[in-house]
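Reading through the structure tokens given below for one structure.
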Ligand SMILES: [Ca+2]
Ligand SMILES: [Ca+2]
């Protein structure tokens, strides 16, 4: 189980870590291997820029960094107004992170000691049928709903819910769209009070399901065919899996609360259970 605990300054000459203004970004998921070496990394943003820390025998070392103002494949990095997340394997390989700004959305990945943003879309762009807007879209979680080994991006807006996936041309396109008021199986979609709180493969079929909560209760949505639908839960999900999901849910909420507090005060102790349960 990867650890995201952070215990001090990286020992490189320059440091992306800038004390209380730094934000630890890689606490919401276990898939944080940005370099592709099979080991989890720590992603940080600070008033200086962004960086990735990897655990070496003598401590944490920065393996990639970029200063604010860098042009990352056309993306103007500015941690003052850039927001990061969710982290996912959108290309099916190493971890990548969605980055948003008032201008639009990109997918940021590590490239050697730096970063690039191979996918960008300005606010107002139509991705398939979904009109992407960083003004009112809520992004996440990342989930491999179709089981092809690549994560999709779940996005909600005042209109409804969409699923964005990498397209053949390398861009993003919507693979699922559902307006508020639509019945997804037995679940009545209303993004005004629905929250997608977790993605996990609850039934072990290799496809992630989405755990959705509302004032009414909790539902599980899965991609069946080309549509999201509520998954018959009690008969197909073993108690063992549900326990893992609940532990993950509780821990992800604890982590989310700390994330909203938004500060790494010298060290971060992170709940160890994965935010996305797989077995
Ligand atoms: Ca997928
Ligand atoms: Ca599944």
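So, in region 143-176, exactly how many residues are under 17 Å from residue 221 (Cα atoms) and more than 16 Å from ligand 1 (Cβ to nearest atom)?
So the answer is 3.
Take the residues of region 148-207 that are in a strand (DSSP E or B), within 16 Å of ligand 2 (Cβ to nearest atom) and under 15 Å from the mean Cα position of the chain (by Cα): which is surrounded by the most Cβ atoms within 10 Å (Cβ to Cβ)?
In this case the residue turns out to be 199.
Go through region 214-223 and report how many residues are outside any loop (DSSP other than H, G, I, E, B) and away from ligand 1 (no atom under 13 Å from the Cβ).
Residues that pass the stated criteria total 4.
Report the residue count in region 116-142 for those that are away from ligand 2 (no atom under 16 Å from the Cβ), closer than 23 Å to residue 221 by Cα and in a strand (DSSP E or B).
Of the residues in that region, 6 qualify.
For region 36-84, which positions are closer than 14 Å to residue 109 by Cβ, surrounded by fewer than 21 Cβ atoms within 10 Å (Cβ to Cβ) and within 15 Å of the chain's Cα centre (by Cα)?
Of everything in region 36-84, just one residue is closer than 14 Å to residue 109 by Cβ, surrounded by fewer than 21 Cβ atoms within 10 Å (Cβ to Cβ) and within 15 Å of the chain's Cα centre (by Cα), namely 84.
How many residues are away from ligand 1 (no atom under 16 Å from the Cβ) and touching a residue at least 60 places away in the same chain (Cβ under 8 Å) when one looks only at region 106-142?
So the count comes out to 3.
Given the conditions (1) at pLDDT 95 or above; (2) part of a strand (DSSP E or B), report the number of the one that residue 211 does not fulfil.
Among (1) at pLDDT 95 or above; (2) part of a strand (DSSP E or B), residue 211 violates only (1).
The values are calculated or read from the model by the stated rules, or taken from the named source; none is laboratory data. Keep in mind it's a predicted model, so treat the numbers as computed, not measured. Here Cβ is always computed from backbone atoms with ideal geometry, including for glycine, and neighbour counts include all displayed protein chains.
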